[in-house]
Amino acid sequence: MFRVAILASYNGSGFVALYEAMQSGKLTIEIPLVISNNSSATVLETATAHGIKNFVINTKTTQNPDAKIEELLHEYGCSYVFLSGYMKKVGTNITQNFKVINSHPALLPSYGGAGMYGRLVHEAVVKNSEKASGVTIHEVNENYDEGKIILQKSLLLCENETVDSLEAKIKELEKIAIVEAFQALIS
């Protein structure tokens with residue numbers, strides 16, 4: 001069985017999608033570990049509620065966060081790492097030794113790269129009057145949003161699309177895309 005660690009900075013909605021898919025039998029994975037760089041992240045409460053070990057790792061808690069994260073990934077036997085809104089760049093010690101997967105709220109390569117995340121992506125898409133947007137699930141390498149694409153799902157924007165409406169649609173599409181990408185990865 002594949003063991004997947006979650007790295008999240010805030011809510012970890014992608015973690016919730018994976019956890020629910022695991023509980024329902026859609027995915028045969030284990031999630032033994034959640035790590036956040038933010039001590040106030042609600043993902044920590046969610047992990048605790050589900051009985052999953054969780055840790056806050058940042059420069060306040062350890063001198064070398066990437067080394068500590070790698071140590072925990074080995075300790076918990078994780079072969080996959082899912083970035084569920086993790087707002088820190090992961091070091092090459094992690095990307096080269098584990099399969100690191102990210103969900104990006106746009107159709108890469110468009111609207112990717114440093115500074116393009118979450119609501120900022122949706123604002124740019126709406127501002128540019130794009131006809132479509134979507135979700136890209138991809139492997140993580142040393143460059144922002146340039147890893148191998150695993151899966152993309154798209155949707156058409158409405159004429160009167162707002163940043164809020166697009167964000168809500170993308171969040172729902174993302175839940176489906178994350179589960180489908182992991183189904184493809186572990187099959």
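DSSP assigns beta bridges within the chain; of those with both partners inside it, close to 40 percent run antiparallel.
Using a cut-off of 17 Å between alpha-carbon atoms, which aspartates and glutamates can reach Lys99, once sequence neighbours fewer than 8 places away in the same chain are excluded? Cα-Cα hits under 17 Å: Glu30, Asp66, Glu70, Glu71, Glu75, Glu139, Glu142, Asp145, Glu146, Glu180. With an 8 Å Cα cut-off and a minimum separation of 6 or more residues, compute the relative contact order for the chain in percent. In percent, rounded to a whole number, it is 21.
For region 101-187, what class follows from the C-alpha gyration tensor (a ≥ b ≥ c being the square roots of its eigenvalues): rounded when a/c is under 1.5, otherwise prolate if a/b is larger than b/c, else oblate?
oblate
With a cut-off of 18 Å on the backbone N, the residues of region 73-110 near the modelled label site 7 Å out from Thr42 along Cα-Cβ are 84-87.
Ellipsoid semi-axes for region 61-143, based on the Cα gyration tensor and the rule √(5λ), read 29, 13, 9 Å when sorted largest first. At 37 °C and a viscosity of 0.692 mPa s, what translational diffusion coefficient does Stokes-Einstein give for the chain, taking Rh as the Kirkwood radius over Cα pairs? Give it in µm²/s as a whole number. Translational D for this selection: 197 µm²/s. Equivalent-ellipsoid semi-axes for region 1-91 (Cα gyration tensor, √(5λ), whole Å, largest first): 21, 14, 10.
Could you compute the FRET efficiency for Lys53 and Asp164, with r as their C-beta to C-beta distance and R0 at 35 Å, rounded to 0.05? Computed FRET efficiency for Lys53 and Asp164: 0.50.
Are there any trypsin sites (Lys or Arg not before Pro) in region 100-157 that are in a DSSP loop and have at most 13 other Cβ atoms within 10 Å? List them by number. Filter output for region 100-157: Lys131, Lys148.
For the residue pairs Lys89/Lys169; Lys26/Lys175; Lys131/Lys153, the alpha carbons lie more than 19 Å apart in Lys89/Lys169.
Compared with the alpha-carbon gap, the fully stretched path from Leu120 to Asn64 is longer by 17.3 nm at 0.36 nm per residue.
A short reminder: the numbers here are calculations on the coordinates, not readings from a lab. Everything numeric in this text was worked out from a predicted model, so none of it was measured. Glycine also receives a Cβ, built like all others from the backbone with ideal geometry; neighbour counts cover every protein chain displayed.
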